[in-house]
Structure formats: C-alpha cells, structure tokens
1. Assuming ASP200 fulfils every condition listed in (1) in contact with a helix residue (DSSP H, G or I) (Cβ under 8 Å, 6 or more places away or on another chain); (2) open to solvent by 40 Å² or more (accessible area, probe 1.4 Å) apart from one, which condition is it?
2. Of everything in the stretch 206-225, what is more than 15 Å from ASN137 (Cα to Cα) and among the β-branched types (Val, Ile, Thr)? Give them in sequence order.
3. For LYS379, indicate whether it is basic (Lys, Arg), modelled with pLDDT of 50 or more and either in a helix (DSSP H, G or I) or surrounded by 10 or more Cβ atoms within 10 Å (Cβ to Cβ) (or both).
4. Can you find, within the stretch 316-352, the residue that is surrounded by the most Cβ atoms within 10 Å (Cβ to Cβ) among those that are part of a strand (DSSP E or B) and among the hydroxyl-bearing types (Ser, Thr, Tyr)?
5. Against the condition polar (S, T, N, Q), farther than 30 Å from GLY95 by Cβ, in contact with a Ser or Thr (Cβ under 6 Å, 6 or more places away or on another chain) and open to solvent by 20 Å² or more (accessible area, probe 1.4 Å), how does THR154 come out, does it pass?
6. For the stretch 148-205, what are the residues that are more than 19 Å from ASN137 (Cα to Cα), part of a loop (DSSP other than H, G, I, E, B) and touching a residue at least 40 places away in the same chain (Cβ under 8 Å)?
7. Restricting attention to the stretch 282-291, does a residue exist that is out of contact with any Gly (no Cβ under 8 Å at 6 or more places or on another chain), among the hydroxyl-bearing types (Ser, Thr, Tyr) and modelled with pLDDT under 95?
Amino acid sequence: MKRFSVYSVVMWAAVLSFSAFTGPAMAAPVVKVFPEEGACVDGDSVTFEWEAKVGAANYWLLVRGNDIFSTGGPVVLYYSGLSGEGLVTSKTVTGFDSFGGGDPWAHYDTIYWWVFSDDFDFGTYATFENVPIEIPNRVSPAEGAAVCDAPSITFEWDAADCATNYWLLVKTDSIMSVNSPNTLYYDIAGEGDVTSKTVDGLPVDGTTLYWWVWSGDDEGNFCDLVQVANNGPGSLTSYGAIDVPARLSPADVAWVAGPTATFQWEAVEGANNYWLLVKTDSIFSAGGPHEVYYDVGGEGDVTSKTLNTLPGDGSTLYWWVWSGRTGTDCDNFCNLLDVQDNGPWTIINVIPQPPMCAGSTVPSVSPPNPLYGISDLTKHLAYLVFPIGAVILWRLGRRKK
C-alpha cells in the first residue's frame, strides 16, 4: 500500500475513534489567525497562530507545498502534534519538513497550512506567499534627467510585491552608504506603503545627485539589499529656482564722480550669468535714449562690472541687476517681476572736482561738491569782500584823527 494510503487509513481511523468523544463544543474547525490568507511571509521562519478552541486538549499543525491534505510525502514542510508543548495556540517553524530530508521553504512560492484539534475537523487550508520581498523599480526622475524643480524634487517608484515599507537614499556621491556627509536624504520608513517622496533642500546649481530605493515589511525583513547596491543608483542633475541678486555697490543714493564706476552684487546659487541695466530714468526697460548700459550676459559668472561711459554731468542714474542660467537643460531667469518691484538703486553722477592745487595729482574728496549756483557764488564773494572792506574802513578812521 502506498504511503499516502497508509496515512489516509490512519487519519480516518483517528477520526472515527475521536468522533465518539466529540461534543458540540468541538464541532467547528480551529480558527486560523496568522499568517493571514494570501499574506507575504518570510518563509525562513514562520510563526503560525490560531484561536484557542473550547474543549481542545491538543493541536496538530500541518504545512505543505501544495493543497492536498496528507501528512506524508515530499511536499510536507512540517507536521506534528503539539501535545508535548502544552495547550499552545502558536508554533514557530523553520524551513524544513519534520520527517527530515524535505525541501526548504524557498522552493515553494505558495504555502498551505492546516491546524486542527482532537476532533480532527481539519477544515480548509489557508495560504501565504513565500516569496522574497521584491526590489522596487525606480520610475522618476528618469535616469540622467535634468530636473528643474529643486530645491524640491519628487522621487517615484513602482510598488514592490510583499513590501509594506520603503526606504529612499539621496546623495551627492554614488556610494550606497547612509552615514556620509554626502547624504542629502535618507528614510521613509514609518510612512507606510508609499511609492513617492518629495525631498526638500536639494541643490539648484546642476549638482549630480544619486538615489536608491528599497523595500521591506513590518516584520523587519528587506528585499535583497546586496542586489540593490549591485543595481547601482539612479542619477539626475538638480537645477532649480534662481534668486534675485542683492546689490552691494555703489550704495543707494551714493555720489559718484566722473565717467567711471564699478557696480557690484552678490553671487546667486544656480546662476551662471548676470545682467546689468543703467539708465537716466527709473523705468525698468532696456533700450531707448535713457539707456546708459545694458548687459553683462555672456561674461559668465561675474559679480561686478566697471563702466567707463557714465555721463559725469550731475545726472541721477538708476541701476538694476538680475541673474539667470544659460547653456543647460534648465535655462531660466530669476523673477524679473521682483527685480522690477524692488525698484532701482540710484547714484548721483557728479562732475569730478579739479585738483586742489596746480600740478597736484591728488583726487578730489568724495563726495565732491556739486556745481555752484548763483547764490553759492554770492556767498563766496561775500566771504572774500568782507575782510578787505574792514581794512579800508580802519585806515580811513586813522586819517581823520
């Protein structure tokens, strides 16, 4: 007689023997609790759980690689009565058949299990998936993409089979290590079964970023992290918004003598070009008769420009500076409306004062005096005439004596 038949005869005999002692309280099958039907479980070690059954004095657990109820055969992964362990409601089983020489759990994607008590009401099987946690596929940003959304970039990936949690690592180097000064972001664990994460504070200047994503479950199991490392990171270049540069010099409402002045501003992260506009009116518009100078674009990442073409005639001049990025996949300007709304700075472009004495090469003191009007000349003539008149009156007085 085949082994399956022997076990069948034994089991049916046991059923008939126990049926005489089975009361109404033992009629229902044992309720299985864990693993839940269809759940993903790491098959290296599984703890089976069930509800206590009223009147039960012992439990039996059968785990197989197929859905045929039989306690024998090569697909039995575990079968035992648990009488020696007390009236337990759980049993931890590690990957091999209790008869010895069976196949490891890893050979079966779907595992079937039964638990029953003294009445041998086997009930129906429950199943769980015994497959490794899948490595998620990266979706976005695309490999090697130039991303223009920094400092906030959204990373996306496909859901992975058997995963209930994900981890994201973003770095400025290509080494898969979370403890590094080059780590910009690490983790998502605790946010649940998500398939995207928006990361803030990323560079806006075209820095190359590298990123990895991997998966795990709530029991502390992970996908194959060695394979994640071997697959290598995704990469992107990170560009973003450009700020309006702050003006430094000449200070607002400064006096500048002569045709030469150096305009200076602060560098802006992510910008590789700057534009300067100087006019004799306060309208933010290049071109026209009021334009004194326009551009710096093409001179590169400069933060100053010296002009030698100012009128030097006492005019009030107005100036603006703005920033931009050129020559990339994310060309852009700073917010030109903000440049306009911030308004221009002004300078008083006065005529340079002559040397203080003949032959002197010492420049005039800044700020120089403006051109004198009629009232100013009258004052200076009065200062000169008054002492001379005083001397004449004094001499006339002496003659009268």
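1. Status for ASP200: all satisfied but (1).
2. Residues satisfying the conditions are THR207, THR208.
3. No.
4. Residue satisfying both the conditions and the ranking: SER323.
5. Taking the combined requirement at face value, the residue satisfies it.
6. Selection gives PRO151, SER152, ASP200, GLY201, LEU202, PRO203, VAL204.
7. yes
Let's see how each residue does on (1) within 16 Å of the chain's Cα centre (by Cα); (2) open to solvent by less than 50 Å² (accessible area, probe 1.4 Å); (3) over 30 Å from GLY81 (Cβ atoms):
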position	(1), (2), (3)
TYR125	no, no, no
ASN137	no, no, yes
GLY144	no, no, yes
LEU168	yes, yes, yes
THR195	yes, no, yes
ASP205	yes, no, yes
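The values are calculated or read from the model by the stated rules, or taken from the named source; none is laboratory data. As the structure is a computational prediction, the values presented were derived from the model and not from experiment. All Cβ positions, even for glycine, are placed from backbone atoms using ideal geometry, and neighbour counts span all protein chains on display. Remember, those area values only see protein heavy atoms, side chains included, never the ligands or the DNA or RNA. Shrake-Rupley method; radii C 1.70, N 1.55, O 1.52, S 1.80 Å.
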